[in-house]
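The values are calculated or read from the model by the stated rules, or taken from the named source; none is laboratory data. Keep in mind that what you see is a predicted model, and the values were worked out from it rather than measured. Note that we place each Cβ from the backbone using ideal geometry, even for glycine, and neighbour counts take in every protein chain shown. SASA here: full protein model, heavy atoms, side chains in, ligands and nucleic acids out. Shrake-Rupley method; radii C 1.70, N 1.55, O 1.52, S 1.80 Å.
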Amino acid sequence: MNRLNKMSKLIVTFVLAVICVFGTLNTCVIKLKAAENGVELIYTAHVQKNGWLKTVAGGKVSGLVGKGLRMEAISVGLKGNGITGAVNYSVYVSGAGWTPYVKSTLGSKNESNLRFGGNYAGSVGKKQRVENVRMYLTGAVSKSYSIYYRVYVQGRGWTAWTSNNSVCQTSDELIECMQAKLVKKAAVTLTAGAYVGGNGWCNAKVMTAGSSASGYLGIKGMQLQCVAVRLDNGGMGGDISYATYKRGSGWSADAVTGEISGTPGQVMPIEAIRFTLTGNIANYFDVYYRAFVTGYGWSGWAANGEPAGAIGICQRVEAYQIYMKEKGTKGPAMTVPACKYAPDISSISGSYRIMVNKATNVVTIYKGATPVKAMLCSTGADTPVGTFSVSAKWKWLSMVGNVYGKFVTQFYGNFLFHSVPYTQINNHSLQTEEYNKLGTQCSHGCVRLCVEDAKWIYDNIPYYTTVTVIDSAGADPLMRPVREWLPSNMNYDPTDPEA
């Protein structure tokens, strides 16, 4: 009952902290000023056998879908009052390349001037097809709006929406029709937060969509325990969802705006994160993010639901960066992998062997000549150096000092792989202070491991497997795993699936 009351108080305190963090930020959201009056994009296409079509606006289709008739030219304008600016557009014509940009200034009479007097890009009467499109805004209108467009490719369908002078995803293909629209740059912001073990919520960051990444969320060198993000979609519709990958339990359920992904005070570390835009806003923006991982530093950039971090190699995420960019605009360089993974052991041939390094307190599992897994351990001054082999196994075994080891594997006489000691044959009698010594030389000569790793050896390593013990700094082929500190009142191993 006391434990339940303490947990209830922790949860209430945590929820209040979250409300404070995000409630305070309600007054901090940065909003871009919209135009005083509405502006509309108007356009028409010249299509094979049909000539110029009726002028349309607001994302409607101009062209003939599924007829196999080529779009030969386009004419684009802006309609509205109270703001100045222009739309500039160009098309790629088969056999001729990109046309010069056509500039159409904003004005109330623009619709009647559309496509006349040379106000179009492409070719008329030459039987040449449009193969790509690009557009951008200039002047005051570009401060309040972005321009989005896409084309319909014969036999393939609609390309993704792109924006602001980026080209559509085509390749020497026949385009049948197009869509284009303006999107107001109003109140599209991300508010991102991070909960760090031992420190609570860090100062949240508010980022206007379209800006580049700056700063980060979290504290390098400490455990990221929770992520919370809020999207203000500016009336565009849609949301952001996100999830965290926790060692031992995998991906969490997706959280949405303002919800928490992770658990305050958790010991099992977050190994990866992912963010995804959903609904209408996903048509116009991409979300980019990366993770700072213990031992590796910053991961490569991920986008739109891809994982960022390091999964299955016993490292943790300590911080992250996130921002949104309009589709078609230049994002971050994505040449470095965003997520590291443990190797697929089943695809590697050869027998297992184990190397124990007393100098670093790291166990390395090899399969054939390939190192496939690293484990943090505690050896002792009496741990023998040499080559031995696995000879016996026990689920529980009595140890020196009236303690017990779990998932025990013998490799030489009284020298064993086993868990950190327990005072009873009971999953909730862990000697927590000994667990917190993992990674240091403190045993009587056995090789101590967390339960997860001791169980892996117990389950996967056959009898007669070679075990080599060395004492050589710098000889480990894989990154040294990170250890999470247990609070003194935690009497079980968080990696134990039976605890």
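Taking the DSSP beta bridges in the chain as the whole, what percent of them are antiparallel, to the nearest 5?
Just about 90 percent of them are antiparallel.
Under the rule a/c < 1.5 gives rounded, and otherwise a/b versus b/c splits prolate from oblate, where does region 324-461 land using the Cα gyration tensor?
In terms of gyration-tensor shape, prolate.
What length, rounded to one decimal in nm, is gained on full extension from Y464 through to T105, with 0.36 nm per residue of separation minus their alpha-carbon distance?
Full extension from Y464 to T105 adds 121.1 nm.
Counting only protein heavy atoms, what percent of the accessible surface of region 365-499 is carbon or sulfur at a 1.4 Å probe?
It is 49 percent, rounded to a whole number.
For Kirkwood radius over Cα pairs in Å, pick the label among (i) 22.4; (ii) 26.7; (iii) 23.9 that corresponds to the value derived from the coordinates.
So the calculated entry is the one marked (ii).
Using a 1.4 angstrom probe on heavy atoms only, work out the carbon and sulfur share of the accessible area of region 233-332 in %.
Answer for region 233-332: carbon and sulfur cover 46 percent of the accessible area.
Place a point 7 Å from Cα of S488 in the direction of its Cβ. Which residues in region 421-438 have their backbone N less than 17 Å from it?
Answer for this model: 430-437.
Along the positive direction of the dipole of region 204-292 (beta-carbon charges: Lys, Arg +1; Asp, Glu -1; about the Cα centre), which of N283, S241, I273 reaches farthest?
I273
Report the one residue of Q424, G413, V372 whose Cα lies farthest in the direction of the positive end of the charge dipole of region 348-428 (charges on C-beta: Lys and Arg +1, Asp and Glu -1; origin at the Cα centre).
Going by the Cα projections, it comes out as V372.
Calculate, in nm to one decimal, what I311 and T84 gain on full extension: separation in residues at 0.36 nm each, minus their alpha carbon distance.
76.6 nm
From the helices alone, meaning DSSP H stretches of at least four residues, give me the mean residue ellipticity at 222 nm for the chain, per-run term -39500 (n - 2.57), in deg cm²/dmol to the nearest 500.
Taking each H run of at least 4 residues, the total per residue is -2500 deg cm²/dmol.
On average, how much accessible surface per residue is there in region 159-317, in Å², for a 1.4 Å probe, leaving out ligands, DNA and RNA?
Roughly 32 Å² per residue, with all protein chains present.
Output the antiparallel fraction of DSSP beta bridges having both residues in region 296-437, as a percent to the nearest 5.
90
Tell me the relative contact order for the chain as a rounded percent, counting alpha carbon contacts under 8 Å between residues six or more apart.
10
Leaving out ligands and nucleic acids, and using a 1.4 Å probe, what accessible area per residue does region 369-455 come to in Å²?
With the other protein chains kept in place, region 369-455 gives 39 Å² per residue.
To the nearest 10 degrees, how steeply does helix 451-460 sit against the main Cα axis of the chain, on a 0 to 90 scale?
Here the helix axis deviates by roughly 80 degrees.
For region 249-296 and region 126-185, compute the distance between their C-alpha centroids and round to whole Å.
31
Report the extension gain between Y341 and D172 in nm, rounded to one decimal, defined as 0.36 nm multiplied by the number of residues separating them, less their alpha carbon distance.
57.0 nm is the gain from fully extending Y341 to D172.
Can you find, among A454, N491, V469, the residue sitting farthest towards the positive end of the charge dipole of region 422-499, where Lys and Arg contribute +1 and Asp and Glu -1 at Cβ?
V469
Show me, for region 250-260, the HN-Hα J-couplings you get by feeding each phi into the Karplus relation (A = 6.51, B = -1.76, C = 1.60, θ = phi - 60°), rounded to Hz, glycine and proline as x.
Each residue of region 250-260 in turn: x, 6, 6, 5, 5, 9, 10, 2, x, 7, 9 Hz.
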